[in-house]
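Q: Structure in structure tokens, see below.
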Amino acid sequence: MDTTSRLILLLDVVEQGSFAKAAELRHIDRSVVSKQVSKLEDDLGVRLLNRTTRSFSLTAAGAEMVKKAAELRLLLQDTVQLAENYHQEPRGLLRITAASFIGKHYLLPVINDFQKRFPQVSVELRLDDRLVDMIAEGFDLAFRVGEPRDSSLIARKVGRNRMLILATQPFIDTFGEPKTMADLADLPAAAYSSAHFRHESIHYIDEDGEPQEQTIKPVFRANDAEILIDKVLSHTAFFSAPTFLFADDIKIDQLVPLLTHVQLPEYKSVYAVYPHRDLPVRTRLFLDAARHYIGDPIPRWERNIPNLESLYQAQ
């Protein structure tokens, strides 16, 4: 490992917060990371980290080296991308991260077709509902619900995303059909919940055009959309769901929209996110293929929902 590689390894250690996590990211042993950072200190003739048994802190010199390492990593990435743009045929590794549902239902079909067309492209798909650091973890593309919080990333909308309130007819027969948003407060609900988000209410627009919020009573929570749909299909809960959950193989014909006269605001759109505007050929072509598959301007999931244009005062 040369000095450049050791500098970028040091950057990984700092960004990940520990030698162990940097080793896990690199798929190498922790002792290798420690030895290489020590060798970097020997090569540069300066201490970069103050280490204790369980933690470390950067020295003044270490902080400066980390800044330079970040600049160096960007320069190397730009150099590789520039070279790749001269390839006539897309090739190399395409690393994609996506929310689990999006990856399974909307990206895998694109990947399968893409690799038939471009067999020299290898794809790594990481399904994770947490937000990853694209640059630090080396991803080319991310597909997420909602715009990224990191303003340094480029975000491109690939599909709008509306909200529905759904139940089954047996549920309505058992609990009664709600007539107002306030009626939802006493009905059993299924709700999405993860380490980063808990669905506790439904946003809507009242008759005066003002935004309002109706709390719900979740009796079942899960961090998996398909499990939530299965729960609703058991006739024991209703749920408020974004339209992107209704992929081609998700059965919506057993679900009944509730309170369709109420105006529901548009939910967070689905975005493709990438770190640089100058995309390598393989990344650009895959993004184009994904946008075509999902659909623009009408996303694929909206075609699977009967009479959507007449529900919830669609704009």
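Q: Please give the helix 60-84 orientation as an angle from the longest Cα principal axis of the chain, in degrees from 0 to 90, rounded to the nearest 10.
A: Taking Cα atoms only, the helix is inclined about 70 degrees.
Q: Okay, moving on. For segment 90-114 and segment 123-171, write down the distance between their C-alpha centroids in whole Å.
A: Each part's Cα centre sits 13 Å from the other's.
Q: Taking the chain as the reference, fit the longest principal axis to its C-alpha atoms, fit the long axis of helix 30-44 to the helix C-alpha atoms, and give the angle between the two in degrees, 0 to 90, nearest 10.
A: 50 degrees
Q: Amide H of V158: which non-local residues (sequence gap of 5 or more, or other chain) have their own amide H closer than 5 Å, using H built in the peptide plane?
A: V270, Y271, A272
Q: Return the single residue from S122, S269, S57 with maximal mean-square fluctuation; model: Gaussian network over the chain, springs between Cα atoms under 10 Å.
A: Of S122, S269, S57, the Gaussian network model singles out S57 as fluctuating most.
Q: Tell me, what is a quarter of the convex hull surface for the C-alpha atoms of segment 3-84, in nm² with one decimal?
A: On the way: hull surface 21.8 nm².
Over all viewing directions, segment 3-84 projects a mean Cα-hull area of 5.5 nm².
Q: Compute the signed sum of charges (Lys and Arg +1, Asp and Glu -1) over the other residues within less than 9 Å, Cβ to Cβ, of F118. Don't skip to the end; give the middle numbers.
A: On the way: positive: R91, K116, R117, R282; negative: E89.
Net local charge, F118 excluded: +3.
Q: Roughly speaking, what is the stretch gain from Y293 to K157, that is 0.36 nm per residue apart minus the C-alpha to C-alpha distance, in nm to one decimal?
A: Working: separation 136, 0.36 × 136 = 48.96 nm, distance 1.35 nm.
Value of the extension gain: 47.6 nm.
Q: Sum -39500 (n - 2.57) across every DSSP H segment of at least 4 residues in the chain, then divide by the residue count to get the 222 nm mean residue ellipticity, nearest 500.
A: On the way: 9 runs with 106 residues, N = 315.
When only DSSP H runs of four or more count, the value is -10500 deg cm²/dmol.
Q: Based on the inverse mean of 1/r over its pairs of different Cα atoms, what is the Kirkwood hydrodynamic radius of the chain, in Å?
A: Hydrodynamic radius (Kirkwood, Cα pairs) of the chain is 22.5 Å.
Q: Modelled label-to-label distance, R303 and D42, 7 Å Cα→beta-carbon offset: nm?
A: 6.2 nm
Values in this text are rule-based calculations from the coordinates and carry no lab data. Predicted model only: the values in this text are computed from it and were never measured. No Cβ is skipped: glycine too gets one built from the backbone with ideal geometry, and neighbour counts run over all protein chains shown.
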